[in-house]
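**Q** Questions regarding the structure given below will be posed in turn.
The values are calculated or read from the model by the stated rules, or taken from the named source; none is laboratory data. On a predicted model such as this, the values are computed, not experimentally measured, just so you know. Here the Cβ is made from the backbone with ideal geometry for all residues, glycine too, and neighbour counts use every protein chain on show.
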Amino acid sequence: MEQELKQEQRIDIKKVVEAALFIAGRRLSLEDLARYAHNSPISKVQKAVDEIRADYLKRDSPIVLTEEEGKFKLDVKPEYLDRVKNLAPQMDMRKAVLTTLSYVAFKQPITQAKMVKLFGNRIYEYNVELEKRGLINRAPHKRTRMLTTTKKLGTYLGAEDLKRVKQIQLEKIEQTLKAEIAKEEAAEKQKQVDEVKLLEQKKELSLDEWQKLLEHRRVKEQQRKERREKRIKAKQQE
């Protein structure tokens, strides 16, 4: 009877751990999981994690339990991720947008005008995207907007991640954001250059085709002229 009770408790822990990993959408430590699993011993939580990992591997599931720096997360296998990643709105976020979010989280409340002055006009685009995703508020403030993070950000990142964001050096965030903006601007300029080159190639191709057409007409005209001259000579000989 005691053994059956222990088995039931172990299964409950495993189910709670799996449910926590499924719904969190972020990495959880053994300590985090233990709190959700009735403050279970770390050893039992570790055992549950190992069994969950084995279960997914055994089923050849598109889901895999990954570990990074002692924290665990249920992830989609890379071969399936491209097909479904748009269903998770934060996974397709560009690094520049994520860095903007980090900056707002670090400096809030901060005006949009101040960020534009620091980083340029692209900040407008990033902030609008973050607002659409429900991660920041852009409240009217005089002639600009006052930026703050929303409760959704706390749900998305979790308390520990938010704390980590605030511990990051502000200078590093600024450098990263400027670097990402520079990358995007360089990529856009290169795209414009490539488009111009493509147009030039098309023009050159059109000109080449036109020259071929002119040459074809010249040859045809020369052939007609030669035939006409032959007919004239033939009549003269008659």
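**Q** Any idea how many residues of the stretch 25-51 are under 11 Å from PHE72 (Cα atoms) and among the β-branched types (Val, Ile, Thr)?
**A** The total comes to 1.
**Q** Among (1) modelled with pLDDT under 85; (2) surrounded by 14 or more Cβ atoms within 10 Å (Cβ to Cβ), which single condition is ALA88 missing?
**A** For ALA88, the exception is condition (2).
**Q** Here is a follow-up. Starting from residues that are of a type in the set (Val, Ile, Thr) and assigned to a helix (DSSP H, G or I), keep the ones in the stretch 132-183 and report whichever is modelled with the highest pLDDT.
**A** Going through the stretch 132-183, the residues of a type in the set (Val, Ile, Thr) turn out to be 136, 144, 148-150, 155, 165, 168, 173, 176, 181.
Still in the running and assigned to a helix (DSSP H, G or I): 155, 165, 173, 176, 181.
Numbers: THR155: 59, VAL165: 55, ILE173: 76, THR176: 81, ILE181: 85.
Result: ILE181.
**Q** Could you tell me whether ALA54 is small (Gly, Ala, Ser) and surrounded by 15 or more Cβ atoms within 10 Å (Cβ to Cβ)?
**A** Values: small (Gly, Ala, Ser): yes; surrounded by 15 or more Cβ atoms within 10 Å (Cβ to Cβ): no.
Criteria not met by ALA54.
**Q** Looking at the stretch 112-129 only, could you name the residues that are surrounded by fewer than 15 Cβ atoms within 10 Å (Cβ to Cβ) and touching a residue at least 60 places away in the same chain (Cβ under 8 Å)?
**A** Within the stretch 112-129, GLY120 is the sole residue that qualifies.
**Q** Only one of these conditions is not met by SER40: (1) surrounded by 15 or more Cβ atoms within 10 Å (Cβ to Cβ); (2) outside any loop (DSSP other than H, G, I, E, B). Which number is it?
**A** Evaluating SER40 over (1) surrounded by 15 or more Cβ atoms within 10 Å (Cβ to Cβ); (2) outside any loop (DSSP other than H, G, I, E, B) leaves (2) as the failure.
**Q** Follow-up question, since we're still on this one. Among the residues of the stretch 51-67, are any assigned to a strand (DSSP E or B), touching a residue at least 24 places away in the same chain (Cβ under 8 Å) and within 21 Å of ASP12 (Cβ to Cβ)? Spell out the reasoning first.
**A** From the stretch 51-67, those assigned to a strand (DSSP E or B) are 63-67; that's our starting set.
Pick out the ones that are also touching a residue at least 24 places away in the same chain (Cβ under 8 Å) and you get 65.
Keeping just the survivors that are within 21 Å of ASP12 (Cβ to Cβ) gives 65.
The answer is yes; a qualifying residue exists.
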